1. Output the Cα-based Rg and Dmax of the stretch 105-243 in Å, rounding Rg to one decimal and Dmax to a whole number.
2. Could you give each residue of the stretch 249-257 its phi-based ³J(HN,Hα) in whole Hz, using Karplus coefficients 6.51, -1.76, 1.60 with θ = phi - 60°, and x for Gly or Pro?
3. Express in whole angstrom the spacing between the alpha-carbon centres of the stretch 1-80 and the stretch 226-281.
4. What trypsin sites (Lys or Arg not before Pro) does the stretch 200-259 have in DSSP loop regions with at most 10 other beta carbons within 10 Å?
5. Measuring with a 1.4 Å probe in the full set of protein chains, what accessible area per residue, in whole Å², belongs to the chain?
6. Taking R0 as 22 Å, what's the FRET efficiency between K235 and N276 from their Cβ-Cβ distance, rounded to 0.05?
7. For each pair in K157/K229; K47/K278; K89/K262; K123/K262; K157/K262, compute the distance between the two Cα atoms and list the pairs where it is over 29 Å.
8. Dipole magnitude of the chain about its Cα centre, charges +1 at Lys/Arg Cβ and -1 at Asp/Glu Cβ only, in debye to the nearest 20?
Amino acid sequence: MHNAAFAKLGLNWRYVAYEVDPANLRAAIEGARAMHFAGINLTVPHKILAMKMVDELDVSAKIWGAVNTIRFEGRTRKSQWLPLGQFEKETPTEVRSVGFNTDADGLTNSLREDFGVELSGKKVLLLGAGGAGRAAALKLAAENVGILFLVNRTFGKVLELQKEISVDFPSAYICPDYPRALENKIDLVINATSLGLKSDDELPFDKKQFSLKQAAAVYDMIYRPAETKLLKAAKKAGCKTANGLGMLLHQGAKAFEIWTGKRAPLAEMRRALVQNLKANP
Ligand code: NAP
């Protein structure tokens, strides 16, 4: 999607993927800085490690506690920091790395786009408290959801997250369990577990404790496969559904804007993503 966006905007840039062992992450970031890359995206398991490997943290990385985007910035002769991707003829006298997080905004932009809902005041059940679940929970609290039910296989992580949210967002109402009664309707269920990536995975919730009949909408962060067992069951139960494609798109669009300073060509990026996922289901 990034290469499609560069082409659309006539930028002579390339987005390439490298597999980096966590032991070499610092060396990889330093190498990219030395080679004057405009920036980097990071994925599992690098997002938390990178927090300690950049020179500066943007407020987004500080709040969500993870870095998925790095921008390299150069010092101009007038001693100002400018994104390296926006330097023209001048050579920077010094280069620094700045860490950002675009995942959390990616999720809420996608939820608004896919379901057309405002999150404020809504009842949400979040399944999963790993990296993506944790960032989602904090972001949902920041969006003033009415009540956030948190469920995770490892219960200790839910309690830790509940504690963390209560420090940053003291007015958030967090329930570390499933919503109990069938009449307790939930506006939105979000799957942030990795259950659903494989075709023989179980549903990511306990059917004895929760029924999809309680939910109005179900969002699965997984985008490959495009329709998980959860989304299939949710459709059957009459829920609105969406997969994680929009989240992937919007975190990427935000990163694009951070590096280039230009508005991301969303339609072009979406087209490239959909095409790629169709070719590699
Ligand atoms: P992670 O940090 O490894 O967390 C995995 C989560 O899944 C944890 O909550 C874990 O529970 C749970 N889990 C794993 N296996 C399980 C099982 N057998 N039974 C019950 N729970 C299980 O991974 P992540 O980065 O948060 O990613 C989570 C999902 O979100 C993945 O499917 C990923 O593809 C997706 N994602 C999508 C986007 C997007 O742009 N659409 C972005 C980020 C992530 P425990 O804590 O008990 O281990």
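The values are calculated or read from the model by the stated rules, or taken from the named source; none is laboratory data. Not measured: the values here are computed from a predicted model. As a convention, Cβ positions derive from the backbone with ideal geometry for all residues, glycine included, and neighbour counts pool all protein chains shown. For the accessible areas, the whole protein counts, side chains as well, though only heavy atoms, and no ligand, DNA or RNA atoms are used. Shrake-Rupley method; radii C 1.70, N 1.55, O 1.52, S 1.80 Å.
1. 13.7, 40
2. 4, 6, 5, x, 5, 5, 4, 4, 5
3. The stretch 1-80 and the stretch 226-281 have Cα centres separated by 21 Å.
4. Details: sites: K207, K208, K213, K229, K232, K235, K236, K240, K254; in loops: K207, K208.
Sites meeting the loop and neighbour criteria: K207, K208.
5. In whole numbers, the chain has 52 Å² accessible per residue.
6. Values: r = 24 Å, r/R0 = 1.09.
E between K235 and N276, to the nearest 0.05, is 0.35.
7. Numbers: K157/K229 25 Å; K47/K278 27 Å; K89/K262 19 Å; K123/K262 36 Å; K157/K262 38 Å.
Over 29 Å apart, Cα to Cα: K123/K262; K157/K262.
8. Numbers: 39 positive and 30 negative charges, 100 e Å.
With Lys and Arg at +1 and Asp and Glu at -1, about 480 debye.
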